[in-house]
1. Helix 162-171 against the longest principal axis of the chain: what's the angle in degrees, Cα atoms only, rounded to the nearest 10?
2. Hey, got the dipole for the chain? About the Cα centre, +1 on K and R Cβ, -1 on D and E Cβ, debye to the nearest 20?
3. Considering only DSSP beta bridges whose two residues both sit in the chain, what percent are antiparallel, to the nearest 5?
4. Please work out the average accessible area per residue across region 40-187, using the 1.4 Å probe convention, and give it in Å².
5. Go ahead and set up a Gaussian network model of the chain, Cα springs under 10 Å, then flag whichever of Trp165, Trp121, Trp59 fluctuates most.
6. Find the centroid of the Cα atoms in region 148-164 and in region 11-71, then give the distance between the two in whole Å.
7. Looking only at Ile112, Ile60, Ile26, which one moves most when the chain is put into a Gaussian network model with springs between Cα atoms under 10 Å?
8. Calculated from DSSP H runs of 4 or more alone, at -39500 (n - 2.57) each and per residue, what is the 222 nm mean residue ellipticity of the chain, nearest 500?
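The values are calculated or read from the model by the stated rules, or taken from the named source; none is laboratory data. Since the structure is predicted, the reported quantities are computational estimates derived from the model, not experimental observations. Backbone-built Cβ (ideal geometry, glycine too); neighbour counts: all protein chains shown. Note: areas computed on protein heavy atoms with side chains; ligands, DNA, RNA excluded. Shrake-Rupley method; radii C 1.70, N 1.55, O 1.52, S 1.80 Å.
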Amino acid sequence: MIQKNIKINNINLSYILKINCRAKNIRLSLYNDGRLVVVRPKRFSEKNIEKLILEKSSWILERIKKLGKIKPQLSLVENRNIYLKYKEPARRLVEDKIRYFNKFYNFKFNRISIKNQKTCWGSCSRQGNLNFNYKILFLPEKLRDYIIVHELCHLKELNHSSKFWNLLFQIIPDYLEIRRELKKNKI
């Protein structure tokens with residue numbers, strides 16, 4: 001992954017460039033958080049990427065405007081302050097939801113941690129520790145519930161086998177639809 005910059009209509013726009021050996025075509029993706037990601041095949045030159053971004057600039061800028069996400073990246077200090085501000089509200093939310101959903105499962109767990117992860121909504125360790133990203137606080141309730149029940153189910157099945165998905169299905173029967181929606185909400 002390479003961070004690149006391009007100027008479109010006097011707006012400095014940064015994008016992430018990924019090279020994928022299996023890709024056959026170039027792909028532009030603009031996520032809900034305003035990140036522009038360009039995936040290119042190995043054989044595709046960088047000059048062609050900038051040309052394509054400029055060709056698609058009206059679509060990109062219109063989409064960014066709708067998202068209202070033209071803003072500079074947060075500094076490490078700002079990011080840490082935001083995390084510290086929302087860590088405890090996120091902990092209370094997660095603990096309440098775990099108490100609620102675990103009435104059904106009655107799984108034993110060790111501890112709950114709220115973290116500031118860049119790529120992960122939640123995880124479960126072999127020791128029974130449940131970890132959640134503080135940004136879970138900002139998701140719609142059905143996505144929060146899915147993440148929390150997903151990690152609870154890992155206490156019983158520390159894999160993604162059919163047994164795991166059957167456990168999840170007992171409380172979240174529309175988990176496939178919710179998973180697809182969650183993939184659109186990248187961290």
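1. 80 degrees
2. Dipole about the Cα centre, nearest 20: 560 debye.
3. 60 percent
4. Ligands and nucleic acids excluded, the result is 65 Å² per residue.
5. Highest fluctuation among the options: Trp59.
6. 35 Å
7. Ile26
8. That calculation yields -14500 deg cm²/dmol at 222 nm.
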